[in-house]
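Comments concern the structure below.
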Amino acid sequence: MLLQLIDELKPKNVGLVAVSKTRPVEQILELYNQGQRIFGENRAPEMKDKQEQLPKDIEWHMIGHLQKNKVKYIAPFVHMIHSVDDLELLKEIDKRAAQHDRCIDYLLQFHVATEQTKTGLSIEKAQEMLQSADFKALKNTRPCGVMGMATFTDDKSVVRKEFQKLKQIFDQIKQAHFEKEETFKEISMGMSGDYALAVEEGSTLVRIGSLLFGKR
Ligand SMILES: *Cc1c(COP(=O)(O)O)cnc(C)c1O
């Protein structure tokens, strides 16, 4: 499945985050041995634990909601945080990155789904954050794009609209704040059930778990 997926995504320049939450390190190693290097986790202590046991050239992506007091677990090694939805969280990430003399890449997570439970910024909140003096003072974090999750539904037209909305948000934020920053380029959207749709709508990074590892 992995190689099939890569064959499908690579010509379109779409990156693959293999979502390994809840999976044992042995299963992660199987994909690693087939060449996969980017893995996604949604809990900081679990990511730290796996990072310690696995090869050091793995790029770890935090894809789940991150609490401020958990940033310290992953700050020494995390490659990208997809779930930044709050300035206080971002300040903590920046502070911890500085302590380790690193720069941490991140994405701004937006709320595009209809469910209340899905976290993420509104465009208004994001604008306010990006214009603040506190944001402009950050030195050890680098904004690389946006992330979003579609509503959990079989209605493809709903999902497509939400992906289109995230793409629009990306374009708007890019133009208003990061026009000259070449590294602000990622749109992280699409999971096992909806990644093909996400790619059609402009995803640059898909996050796929069950399709690769089987049902959780
Ligand atoms: C679990 C998870 C995924 C992967 O979901 P699958 O349906 O198993 O592909 C993607 N993104 C986030 C944020 C997740 O929590």
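The values are calculated or read from the model by the stated rules, or taken from the named source; none is laboratory data. Everything numeric here is computed off the predicted structure, so don't read it as measured data. So basically every Cβ, Gly included, is an ideal-geometry build from the backbone, and we count neighbours across all protein chains shown. Heads up: the accessible areas ignore ligands, DNA and RNA and are worked out on the full protein's heavy atoms, side chains in. Shrake-Rupley method; radii C 1.70, N 1.55, O 1.52, S 1.80 Å.
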* To do: Please give the per residue volume of the convex hull enclosing the alpha carbon atoms of region 87-137, rounded to a whole number of Å³.
  => 84
* Structure fact -> Total charge of the residues flanking Glu30 in space, meaning their Cβ is under 15 Å from its Cβ, with Lys and Arg +1 and Asp and Glu -1, is +2
* To do: At a Cα cut-off below 25 Å, give the lysines reachable from Lys10, other chains included and same-chain residues fewer than 8 away excluded.
  => Lys21, Lys56, Lys156, Lys161, Lys165, Lys167, Lys174, Lys185, Lys215
* To do: Can you tell me how much longer the chain between Asn13 and Glu52 gets when fully stretched, taken as 0.36 nm per residue apart minus their C-alpha distance, in nm with one decimal?
  => 11.0 nm
* Asked: Within the accessible area of the chain, what % is carbon and sulfur when the probe is 1.4 Å and the other protein chains stay in place?
  -> 48
* **Long-range tail of P(r) for region 156-201 (Cα pairs > 18 Å, %)** => 33
* Per residue accessible area in Å² of region 2-209, where ligands, DNA and RNA are left out and the probe is 1.4 Å -> 49
* Treating the beta-carbon of each Lys and Arg as +1 and of each Asp and Glu as -1, no other charges, what is the dipole magnitude of region 72-216 about its Cα centre, to the nearest 20 debye? -> 340
* Asked: So if R0 is 35 Å, what FRET efficiency would Asp155 and Gln67 give, r being the distance between their Cβ atoms, rounded to the nearest 0.05?
  -> 0.65
* Kindly identify region 105-181 as rounded, prolate or oblate by the Cα gyration tensor criterion: order the square roots of the eigenvalues as a ≥ b ≥ c, call it rounded if a/c is under 1.5, otherwise compare a/b with b/c, prolate if a/b is larger, else oblate. => prolate
* Under Stokes-Einstein, with the Kirkwood radius over Cα pairs standing in for Rh, what whole-number D in µm²/s applies to the chain at 4 °C and 1.567 mPa s? -> 74
* To do: Sticking with the crude label model, points 7 Å out along Cα→Cβ, report the distance from Asp134 to Thr183 in nm, one decimal please.
  => 2.3
